[in-house]
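Notes follow once the structure below has been shown.
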Amino acid sequence: MLFIFCMSFAVNIASPYFAVYQLHDLKFSYFTFAILGTASSVATLATMPGWGRAADRIGNLKVMMVAAILVPFIPLLWLLSTNLVVLGVVQAFSALAWAGFNLCSLNCLYDATAAESRTRYLAYFNCGNGLAAGLGALFGGYQVLSLFLISGKL
């Protein structure tokens, strides 16, 4: 589970700034922003069954690791284009990667715990994951603030 917490920390260093990037730098309207978010949600729902079948065949841990390898490419793909269609494909790729990671990370927890203690461990998992995400966002905010101070923007 430490791996999952580390992923959550690392991803949340920059993820709060993707909305700012889309709205401020790419000048997307709120409607366009919402469409991209909706496309991501639809793609997540569409890819979950495939990840579930793959996990049944080769195991949750292997699928989670494959999906985890895909995740770091997502921010890099955002740099390729400002074209809305291309970014829609990037969002679909993002949904594919995160669907596999999230589905199988939770399934790994289910596999590792006895039914009678599963609720408690799920609570521990969610608290740890939330803490890691919050710390990642705080660290990212500190980094941005430091960059602003260094560049004299404040």
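Overview of values
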quantity	calculated
Among Ile13, Ile58, Ile69: highest mean-square fluctuation, GNM of the chain, C-alpha pairs under 10 Å	Ile58
Cα-projected label distance for Arg53 with Cys6, points at 7 Å along beta-carbon direction, nm	3.3
Modelled FRET efficiency - R0 22 Å, Tyr110 with Phe18, Cβ distances, 0.05 increments	0.15
Full-extension gain in nm, Arg120 to Val42, via 0.36 nm per residue minus C-alpha separation	25.0 nm
Mean Cα-pair separation over length for the stretch 2-151, i.e. relative contact order, pairs under 8 Å, 6 or more apart, %	41
Thr32-Leu147 pseudo-label distance in nm [points 7 Å out on the Cα-to-Cβ vector]	2.2
Gained length - Leu138 relative to Phe73, 0.36 nm times residue gap less alpha-carbon distance	21.1 nm
Relative contact order %, the stretch 54-101, counting alpha carbon pairs below 8 Å whose residues are six or more apart	49
Helical segments meeting 24 Å axial Cα length and Kyte-Doolittle 0.5 threshold in the chain (DSSP H)	30-58, 84-112, 118-151
Descending semi-axes in whole angstrom, ellipsoid equivalent of the chain, from the Cα gyration tensor	30, 22, 12
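Laboratory data are not the source of any read-out in this text; all were calculated from the coordinates shown. Being a predicted model, the structure only gives us computed values, none of them experimental. All Cβ positions, glycine included, derive from the backbone under ideal geometry; neighbour counts span all protein chains shown.
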